1. Out of the residues in segment 150-163 meeting the condition of being surrounded by fewer than 16 Cβ atoms within 10 Å (Cβ to Cβ) and in contact with a helix residue (DSSP H, G or I) (Cβ under 9 Å, 6 or more places away or on another chain), tell me which one is farthest from SER87 (Cα to Cα).
2. Would you kindly identify the strands (runs of 3 or more DSSP E) lying entirely within segment 82-131 that contain at least 2 residues that are modelled with pLDDT of 95 or more and away from the ligand (no atom under 16 Å from the Cβ)?
3. Looking at ALA46, ALA83, can you tell me which residue is in contact (Cβ under 8 Å) with a residue 12 or more places away in the chain, over 12 Å from the mean Cα position of the chain (by Cα) and under 24 Å from ARG150 (Cβ atoms)?
4. Within segment 132-169, count every residue that is aromatic (Phe, Trp, Tyr) and either more than 18 Å from ILE92 (Cα to Cα) or within 14 Å of the ligand (Cβ to nearest atom) (or both).
5. Any residue at all in segment 126-134 that is touching a strand residue (DSSP E or B) at 6+ places or on another chain (Cβ under 8 Å), closer than 27 Å to GLY32 by Cβ and surrounded by 13 or more Cβ atoms within 10 Å (Cβ to Cβ)?
6. What number of residues within segment 15-68 are out of contact with any helix residue (DSSP H, G or I) (no Cβ under 8 Å at 6 or more places or on another chain), within 16 Å of the ligand (Cβ to nearest atom), not in a loop (DSSP other than H, G, I, E, B) and not acidic (Asp, Glu)?
Amino acid sequence: MRKQKPVAESFVRMTELVLPNDTNTLNNLMGGRMMHLMDIAAAISAQRHSNRIVVTASVDNVSFREGIKLGNVVTLEAQVTRAFSSSMEVHINVWSEDIPSGTKFKSNEAFFTFVAVDQSGRPIDVPEAVPNTEEEIRLYDGALRRRQLRLVLAGRMKPQEATELKALFEME
Ligand SMILES: CC(=O)SCCNC(=O)CCNC(=O)[C@H](O)C(C)(C)COP(=O)(O)OP(=O)(O)OC[C@H]1O[C@@H](n2cnc3c(N)ncnc32)[C@H](O)[C@@H]1OP(=O)(O)O
């Protein structure tokens, strides 16, 4: 039987200070630097779940709602939502905090997919991810639908095979 692990065991919190080298000429954190931090936090989460080397297979939509300023503190929280065979979906939230003014806002949210691989880079099965809290169950339940959408967009699944996705659009 496949090993099972609670999704909470994959939780990662990472905190970074926005330094001059991370910013553009408006003194805002650069989008690419943010994606780099998100990729690292999410990869560690997938590694914690699988106890394997993981590679980034895909990144879903990432939007940048508001600039993050030089000197702000960025907190990233990542956790596996669901594991399939060799792939894992990781949910990541990012907050930006201005410590002197005591303000904090959520700046980004995204889903990353990682694949566990062996030493030769071949996909290898990972433990099942078990959700426990209401929020973990909500994210787990939506993961199959999101997986189908990203595989269709990547040309790896025929739209007619995406049954979970199709069900969303089928009206009574
Ligand atoms: C340019 C860069 O910076 S890339 C960033 C770093 N990432 C990398 O280097 C990864 C490069 N890619 C790879 O090594 C391979 O494409 C892999 C390991 C991700 C997939 O290898 P494949 O030979 O295609 O394996 P296969 O078809 O068996 O798929 C393996 C898993 O990957 C998943 N997968 C493959 N492509 C995608 C994708 N675009 N989105 C989501 N999942 C994907 C599959 O659904 C499958 O999941 P499952 O085992 O849970 O069902």
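The values are calculated or read from the model by the stated rules, or taken from the named source; none is laboratory data. From a predicted model like this one, the values you see are computed outputs, not experimental measurements. Neighbour counts run over all protein chains shown; Cβ positions are idealised from the backbone, glycine included.
1. Going residue by residue through segment 150-163, those that are surrounded by fewer than 16 Cβ atoms within 10 Å (Cβ to Cβ) are 153-156, 158-161, 163.
Still in the list and also in contact with a helix residue (DSSP H, G or I) (Cβ under 9 Å, 6 or more places away or on another chain): 156, 158-161, 163.
Numbers: ARG156: 14, LYS158: 19, PRO159: 20, GLN160: 22, GLU161: 19, THR163: 19 Å.
Looking at residues that are surrounded by fewer than 16 Cβ atoms within 10 Å (Cβ to Cβ) and in contact with a helix residue (DSSP H, G or I) (Cβ under 9 Å, 6 or more places away or on another chain), I get GLN160.
2. Of the strands (runs of 3 or more DSSP E) lying wholly inside segment 82-131, those with at least 2 residues that are modelled with pLDDT of 95 or more and away from the ligand (no atom under 16 Å from the Cβ) span 87-98, 103-117.
3. Values: ALA46 fails: over 12 Å from the mean Cα position of the chain (by Cα).
Every option except ALA83 fails the conditions.
4. Of the residues in segment 132-169, the ones aromatic (Phe, Trp, Tyr) are 140, 169.
Now drop any that are not either more than 18 Å from ILE92 (Cα to Cα) or within 14 Å of the ligand (Cβ to nearest atom) (or both), which leaves 169.
Adding up the residues that qualify gives 1.
5. Looking only at segment 126-134, we keep the residues that are touching a strand residue (DSSP E or B) at 6+ places or on another chain (Cβ under 8 Å), and these are 126-132.
Restricting the remaining residues to those that are closer than 27 Å to GLY32 by Cβ gives none.
Among the residues of segment 126-134, not one is touching a strand residue (DSSP E or B) at 6+ places or on another chain (Cβ under 8 Å), closer than 27 Å to GLY32 by Cβ and surrounded by 13 or more Cβ atoms within 10 Å (Cβ to Cβ), which makes the answer no.
6. Selection size over segment 15-68: 16.
Conditions (1) charged (D, E, K, R); (2) touching a residue at least 40 places away in the same chain (Cβ under 8 Å), marked per residue:
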{"residue": "VAL117", "(1), (2)": "no, yes"}
{"residue": "SER120", "(1), (2)": "no, no"}
{"residue": "PRO127", "(1), (2)": "no, yes"}
{"residue": "GLU134", "(1), (2)": "yes, no"}
{"residue": "ILE137", "(1), (2)": "no, no"}
{"residue": "ARG150", "(1), (2)": "yes, yes"}
{"residue": "THR163", "(1), (2)": "no, no"}
{"residue": "LYS166", "(1), (2)": "yes, no"}
